[in-house]
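Right, one structure below, let's go through it.
The values are calculated or read from the model by the stated rules, or taken from the named source; none is laboratory data. Every value quoted in this text rests on a predicted model; they were computed, and no experiment measured them. Here the Cβ is made from the backbone with ideal geometry for all residues, glycine too, and neighbour counts use every protein chain on show. Only protein heavy atoms, including side chains, enter the accessible area calculation; ligands, DNA and RNA are left aside. Shrake-Rupley method; radii C 1.70, N 1.55, O 1.52, S 1.80 Å.
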Amino acid sequence: RKEVEQDPGPFNVPEGATVAFNCTYSNSASQSFFWYRQDCRKEPKLLMSVYSSGNEDGRFTAQLNRASQYISLLIRDSKLSDSATYLCVVTLDSSYKLIFGSGTRLLVRP
Amino acid sequence: DAGVTQSPTHLIKTRGQQVTLRCSPISGHKSVSWYQQVLGQGPQFIFQYYEKEERGRGNFPDRFSARQFPNYSSELNVNALLLGDSALYLCASSGTASNYGYTFGSGTRLTVV
């Protein structure tokens, strides 16, 4: 079983749509949680950290459910520029290793 | 300010050859990590170095090695290349040994033929 699992997609949505991605992690000892964005053939970039209380950054909302070991990302009012692969990331402790999911691809169409 | 810089950007090697990839962290960052990203997958952790010491190693064979220099730049070496080593190799730097505030370089795309 993979440590972090994501639906690979692609999610194909029209501009203005709301889209949600989920991610599950296998290790209950996981401590930190993030969403990264990766454009085609580019490096991953941190989109947002994910906190147990949930957090919002503009059109993006992230939620963490420790009991069910899943993380979600909600994108409202999708823009063409949101087209990318969204990577779910967890860490086991406060040290060095980021554990990435395989990513969910989002395509926003006009 | 320059971000994380990696060289070369692209590389083609033959099976059995050796390759060295280079990374310069953001100025002032003392931690460098290396990740391998195979097409269609998320990045996989290879190594982390902090203050020139290895702090972590992922599940990669001994053909993979790395080091960090006094100026905090780093090299990743891969010996006896296999076709399966073809991937995007990413370097990430951070000001501390923790996982917060990582910035990735644009990567080196290695193709083994």
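Within the stretch B:68-86, the set of residues being part of a strand (DSSP E or B), more than 14 Å from chain A (Cβ to nearest Cβ) and buried (at least 19 other Cβ atoms within 10 Å of the Cβ) comprises B:Leu76, B:Val78. The residues of the stretch B:1-35 that are hydrophobic (A, V, I, L, M, F, W, C) and touching a strand residue (DSSP E or B) at 6+ places or on another chain (Cβ under 7 Å), listed by number, are B:Val4, B:Leu11, B:Ile12, B:Val19, B:Leu21, B:Cys23, B:Ile26, B:Val32, B:Trp34.
Against the test of being part of a loop (DSSP other than H, G, I, E, B), within 11 Å of chain A (Cβ to nearest Cβ) and open to solvent by less than 80 Å² (accessible area, probe 1.4 Å), the options B:Gly42, B:Gly28 yield a single qualifying residue, B:Gly42. Checked against (1) part of a strand (DSSP E or B); (2) modelled with pLDDT under 95, B:Cys91 meets all criteria but (2).
Number of residues in the stretch A:2-46 that are on the phi > 0 side of the Ramachandran plot and open to solvent by 60 Å² or more (accessible area, probe 1.4 Å) equals 1.
Matching residues to (1) surrounded by 15 or more Cβ atoms within 10 Å (Cβ to Cβ); (2) without any contact (Cβ under 8 Å) to a residue 40 or more places away in the chain:
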position: B:Val4; (1), (2): yes, no
position: B:Pro8; (1), (2): no, no
position: B:Ile12; (1), (2): no, no
position: B:Ser24; (1), (2): yes, no
position: B:Tyr35; (1), (2): yes, no
position: B:Pro61; (1), (2): no, yes
position: B:Ala66; (1), (2): yes, yes
position: B:Leu88; (1), (2): yes, no
